[in-house]
There are 2 protein chains.
Amino acid sequence: MNAIIRPVKGTRDFYPPEMAGRVWLYQQMRQVSEQFGYQEYEGPILEPLDLYAAKSGEELVEKQSYVFQDRGGDKITLRPELTPTLARMVAQQQNQLTFPLRWWSFGPFWRYERPQKGRTREFFQWNIDLIGDPSPQADAELAAIAATFLKQVGLQPNEVQILVNDRELMDSALKTLGLTFEHRAAAFGLIDRRDKLTPEAWQTQASEAGLSPTQIDGLIALLENTGLWQQSDSLQQFFRAVEWFGVADYVRYSPTIIRGLQYYTGTVFEAWDTAGDFRALFGGGRYDNLVGAVGGRPVGAVGFAVGDLVISLLLQSLGKFPPYAGTPAEVFVTLFDEQHLEAALRLANELRAAGIKVASQYSPAKLGKQFKYASQIGARFAVVLGPDEIQRGQVAVKDLHTEEQTSLPRAELAGYLTRPNLT
Amino acid sequence: MNAIIRPVKGTRDFYPPEMAGRVWLYQQMRQVSEQFGYQEYEGPILEPLDLYAAKSGEELVEKQSYVFQDRGGDKITLRPELTPTLARMVAQQQNQLTFPLRWWSFGPFWRYERPQKGRTREFFQWNIDLIGDPSPQADAELAAIAATFLKQVGLQPNEVQILVNDRELMDSALKTLGLTFEHRAAAFGLIDRRDKLTPEAWQTQASEAGLSPTQIDGLIALLENTGLWQQSDSLQQFFRAVEWFGVADYVRYSPTIIRGLQYYTGTVFEAWDTAGDFRALFGGGRYDNLVGAVGGRPVGAVGFAVGDLVISLLLQSLGKFPPYAGTPAEVFVTLFDEQHLEAALRLANELRAAGIKVASQYSPAKLGKQFKYASQIGARFAVVLGPDEIQRGQVAVKDLHTEEQTSLPRAELAGYLTRPNLT
């Protein structure tokens with residue numbers, strides 16, 4: 001026997017229980033997206049490297065992306081994120097589309113990172129974006145969607161918080177500290193890396209970036225100034241709208257949020273578990289220059305992306321991830337013996353025609369073994385059609401939850417299996 | 001302005017209308033899969049090249065796959081098909097899984113082919129497999145699932161047919177013609193390529209493969225022998241079960257079906273449009289050695305895969321592909337003016353809380369323009385909350401289908417917008 005061929009490192013096999021979890025998340029995302037009137041779309045999984053080169057940020061493209069040459073010699077990337085694709089698609093049909101666009105998507109992405117808790121190389125992301133509405137209320141709608149999603153999957157405001165900042169506001173504040181353009185760009189990077197470094201390492205990097213001790217102290221003070229948002233008219237409008245959306249308990253200001261991607265231009269936000277046990281649950285913000293950067297006419301946009309991993313780990317740790325329900329088959333039709341194959345198949349068919357989900361046995365086996373199988377895969381009922389039952393026009397039914405066994409007229413079977421008071 | 005960055009050749013952008021079509025297909029596949037008690041799973045999109053090398057067939061791996069080296073130097077493939085992944089996953093958890101397995105999946109695949117009608121490099125496939133049941137009835141269940149799917153999407157037996165053959169039966173028949181092992185393998189390839197070549201080119205290839213004129217004549221006669229299945233006990237059982245499943249009108253024997261993939265061992269089938277306008281809609285069969293070939297213990301399996309492209313083209317050509325319905329938002333909440341932003345947002349919220357899907361306007365614009373937008377995106381209603389309405393405790397509603405405009409008490413709005421007799 002050969003060794004079993006190993007999967008590629010960092011990829012994931014979705015066996016039915018894991019897949020059910022992924023589909024459940026997708027469903028939650030769909031529900032919330034549609035509640036706010038968003039249309040589902042999807043881009044290709046392969047994109048030209050050039051698409052990311054402009055705006056996604058050096059680290060993401062050069063260090064974390066799967067890049068390869070196809071047979072025609074073109075440099076292709078397995079998409080590490082969706083926003084550049086969205087910008088490209090919008091630019092491509094800019095004259096045909098009706099703005100503003102409300103679009104959402106759920107699909108796979110790749111980053112060449114060291115696999116660890118909450119981080120695999122292949123992961124799934126919900127992307128949701130409002131394109132063509134420059135108002136702070138549009139930003140607030142995205143925060144409201146994020147909060148509605150958190151609420152819907154059962155997370156309370158004492159468990160998760162959406163932290164919001166504004167890059168323009170931070171840029172002004174850094175100017176006030178006397179930072180040049182280059183130093184401000186460096187400071188954005190420093191703010192983003194702050195929770196990944198020790199305070200000492202962070203201070204060293206700040207000095208190396210050319211910030212003076214006074215500027216570093218100013219930056220530290222800035223990152224503690226939770227009242228800074230009051231200096232921003234657009235954040236004031238944002239928080240007022242968040243209140244009207246009824247999600248103020250999930251959303252608050254934090255000067256520490258800046259985001260790593262280079263294309264953000266205004267509001268930025270991230271969701272974090274309040275216990276601090278996990279990485280950010282998701283992040284997003286306003287990016288008003290990206291459609292222009294990929295060749296379209298400039299159009300403002302705001303959106304966010306939620307990976308499937310961290311949110312799943314958090315929900316699991318809080319006991320809020322739904323348990324796996326097993327097979328979709330409500331009924332397992334057993335095989336009494338080879339002579340009753342036709343009877344069993346026709347019965348299964350009859351039940352399916354009545355809208356019941358049914359799996360069948362085809363190879364002869366002891367009934368006890370068949371009941372055990374049906375129970376293991378998670379079916380609720382097993383039915384038996386043997387010579388006695390056929391003679392009496394009946395079917396035997398075993399309820400695999402209660403272990404009760406009963407016989408009833410065949411004509412009543414479908415009704416019995418789908419009775420509404422079934423617990 | 002820069003030129004718009006072009007997508008990778010052969011990939012597809014799913015704008016909302018195209019995505020709605022893909023999601024509709026996925027839903028049909030889910031419904032049929034679940035009706036027969038199949039559980040959803042999914043494999044990674046990246047697999048080691050070795051996984052395909054053994055059994056998928058030279059052409060698929062060497063000529064049609066996207067292969068690249070990752071940053072660690074490993075040879076990685078963008079999966080061209082799912083069955084080897086399925087075999088790997090089964091082999092990996094063979095001791096924990098409860099057989100037989102009924103599994104289905106829907107996801108993206110890549111083949112490096114020349115893009116043409118019904119063939120793109122990135123495509124989607126429904127895979128459905130029954131693993132661990134060696135019976136001909138298991139094969140018939142898969143044919144029944146295929147037929148049920150065709151029926152469900154609205155295709156009639158006079159429009160599509162599932163053609164079935166058995167590789168063992170063909171192998172015996174070719175032995176009877178005096179073909180050696182090598183010649184039989186060549187003959188399988190010739191049968192598979194028959195509709196891609198002119199009769200002359202096909203004859204030439206047959207000669208070049210070493211078949212004698214008598215053997216070539218024998219092979220041609222064999223491919224016209226529609227009664228051949230009666231020589232196979234398992235095909236007899238198969239067709240009997242197909243009858244019991246109630247799908248005999250969709251399924252018939254054809255000696256011309258052999259399939260290109262090397263791992264098939266028994267029953268093979270393909271679905272074709274009867275008009276002959278398209279390539280095969282899908283194909284599948286029994287593969288009893290693949291789990292063993294990837295390192296597991298041998299276990300028999302049968303399944304098929306349906307690509308999204310050809311079936312969509314066929315449905316479109318017959319006018320059976322559902323039209324795009326537009327935004328999921330049932331209601332568009334307009335903005336009377338900036339002073340009424342809070343009122344509009346709170347109203348939208350109230351409707352969402354009542355289970356209605358709502359999109360909102362945030363930037364001031366003429367009401368006529370807002371109605372036009374709501375209508376263009378496909379919302380059914382637009383609501384207006386201006387000073388008059390607020391004073392009277394009312395909301396104005398415009399039905400965008402009938403153009404009717406009405407005013408009603410705010411408390412009655414949700415009920416009005418979701419009334420069951422809405423046409």
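The values are calculated or read from the model by the stated rules, or taken from the named source; none is laboratory data. This structure is a prediction, so every number in the text was calculated from the model and none was measured. A quick note on method: Cβ atoms are made from the backbone with ideal geometry, for glycine too, and the neighbour counts reach across all protein chains shown. Side chains included, ligands, DNA and RNA excluded: accessible areas come from the protein's heavy atoms. Shrake-Rupley method; radii C 1.70, N 1.55, O 1.52, S 1.80 Å.
For B:T83, state whether it is of a type outside the set (A, V, I, L, M), out of contact with any Cys (no Cβ under 7 Å at 6 or more places or on another chain), in contact (Cβ under 8 Å) with a residue 60 or more places away in the chain and surrounded by 22 or more Cβ atoms within 10 Å (Cβ to Cβ).
Values: of a type outside the set (A, V, I, L, M): yes; out of contact with any Cys (no Cβ under 7 Å at 6 or more places or on another chain): yes; in contact (Cβ under 8 Å) with a residue 60 or more places away in the chain: yes; surrounded by 22 or more Cβ atoms within 10 Å (Cβ to Cβ): yes.
Here the answer is yes, as B:T83 does meet what is asked.
Take A:F181 and tell me if it is of a type in the set (A, V, I, L, M, F, W, C), over 21 Å from A:L235 (Cβ atoms) and out of contact with any His (no Cβ under 9 Å at 6 or more places or on another chain).
yes
Against the condition more than 9 Å from chain B (Cβ to nearest Cβ) and surrounded by fewer than 24 Cβ atoms within 10 Å (Cβ to Cβ), how does A:R114 come out, does it pass? Explain how you work it out, then say what you get.
Numbers: more than 9 Å from chain B (Cβ to nearest Cβ): yes; surrounded by fewer than 24 Cβ atoms within 10 Å (Cβ to Cβ): yes.
Answer is yes for this residue.
Taking only the stretch B:218-241 into account, find how many residues are in a helix (DSSP H, G or I) and open to solvent by 10 Å² or more (accessible area, probe 1.4 Å). Can you show your working first?
Here is the first cut: in the stretch B:218-241, the ones in a helix (DSSP H, G or I) are B:218-222, B:228-231, B:233-241.
Keeping just the survivors that are open to solvent by 10 Å² or more (accessible area, probe 1.4 Å) gives B:218, B:220-222, B:229-231, B:233-234, B:236-237, B:239-240.
Going through the stretch B:218-241 one residue at a time, the tally reaches 13.
Just one of (1) free of Cβ contacts under 8 Å to residues at least 24 places away in the same chain; (2) open to solvent by less than 60 Å² (accessible area, probe 1.4 Å) trips up B:Q376, so point out which.
(2)
Can you pull out every residue in the stretch B:117-131 that is assigned to a loop (DSSP other than H, G, I, E, B) and either facing chain A (nearest Cβ under 8 Å) or surrounded by 20 or more Cβ atoms within 10 Å (Cβ to Cβ) (or both)?
B:T120, B:R121
Go through (1) under 22 Å from the mean Cα position of the chain (by Cα); (2) facing another protein chain (nearest Cβ under 7 Å); (3) among the basic types (K, R) and name the single condition B:R30 misses.
Looking at each condition in turn, B:R30 falls short on (2).
Tell me which residues, restricted to the stretch B:335-360, are in contact with a Gly (Cβ under 9 Å, 6 or more places away or on another chain) and of a type in the set (S, T, N, Q).
Passing the criteria: B:N349, B:S360.
From B:A140, B:A146, grab the single residue that is out of contact with any Ser or Thr (no Cβ under 8 Å at 6 or more places or on another chain), away from chain A (no Cβ under 14 Å) and crowded, with 23+ Cβ neighbours inside 10 Å.
B:A146 is the lone residue from the list that is out of contact with any Ser or Thr (no Cβ under 8 Å at 6 or more places or on another chain), away from chain A (no Cβ under 14 Å) and crowded, with 23+ Cβ neighbours inside 10 Å.
Taking into account only those residues within the stretch A:242-265 that are of a type outside the set (V, I, T) and outside any loop (DSSP other than H, G, I, E, B), which is surrounded by the most Cβ atoms within 10 Å (Cβ to Cβ)?
Result: A:Y250.
Can you tell me which residue among B:Q96, B:Q31 is modelled with pLDDT of 95 or more, in a loop (DSSP other than H, G, I, E, B), assigned by TED's automatic domain parsing to the domain that holds B:L130 and open to solvent by 10 Å² or more (accessible area, probe 1.4 Å)?
B:Q96
Yes or no: A:Q152 open to solvent by 10 Å² or more (accessible area, probe 1.4 Å), away from chain B (no Cβ under 14 Å), within 18 Å of the chain's Cα centre (by Cα) and at pLDDT 95 or above?
no
Suppose we filter A:G319, A:G386, A:G368, A:G415 for residues that are more than 14 Å from chain B (Cβ to nearest Cβ) and open to solvent by less than 30 Å² (accessible area, probe 1.4 Å); which single one remains?
The unique qualifying residue is A:G386.
How do the pairs read when you match residues in the stretch B:2-17 that are within 7 Å of another protein chain (Cβ to nearest Cβ) and within 24 Å of B:Q316 (Cα to Cα) with residues anywhere that are of a type in the set (S, T, Y) and part of a helix (DSSP H, G or I), using Cβ under 9 Å and keeping only pairs 6 or more apart or on different chains?
Hits for this filter: B:D13/A:T85.
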